[in-house]
Amino acid sequence: MVAKRGTSAAVSKASERAAPSPTLTTVDGNESSPLALDRLIHERIRLAIVSTLAVHEMLTFNELKALLETTDGNLSVHARKLEDARYVACVKGYDGRIPRTEYRLTATGRQALERYLSHMEALIRRVGEKG
């Protein structure tokens, strides 16, 4: 017997994968430390993806690629990391015979972005106080 791709067993295995938790660290409970940044969002392209989706309800792969001025491969890799963390939802379908991939920011992603921005604001205030 040969297993087929997309069988219910394969689908079950894929759905059982746990999403990796975002890489958020604190140093001695100090969330205003630069080391407490959400490293998943802090990377330039991923921050751009999340920020862009925060102001657009939905964008297709090609729209997002054009706005960010990035390559297919770069966008695919970084969007997948955000999708794995459940920060971004990806829906694949067809527009006629043309493949269409749509991205939306999830509630988890929006909360992560808000935490990230609050953290950056706290860092900026802290630097201003010492300067």
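Seen from every direction in turn and averaged, the convex hull around the alpha carbons of the stretch 36-130 projects onto 6.7 nm². The calculated FRET efficiency for the pair residue 67 and residue 130, based on their C-beta separation and a Förster distance of 30 Å, comes to about 0.25. Mind jotting down the distance between the C-alpha centroids of the stretch 102-119 and the stretch 65-98, whole Å? After rounding, the separation between the Cα centres reads 16 Å.
All of the numbers you see were taken from the coordinates with simple rules; none came from a lab. Quantities reported herein were computed from a predicted structural model and do not represent experimental measurements. Reconstructed Cβ throughout: ideal geometry from the backbone, glycine too, with neighbour counts over all protein chains shown.
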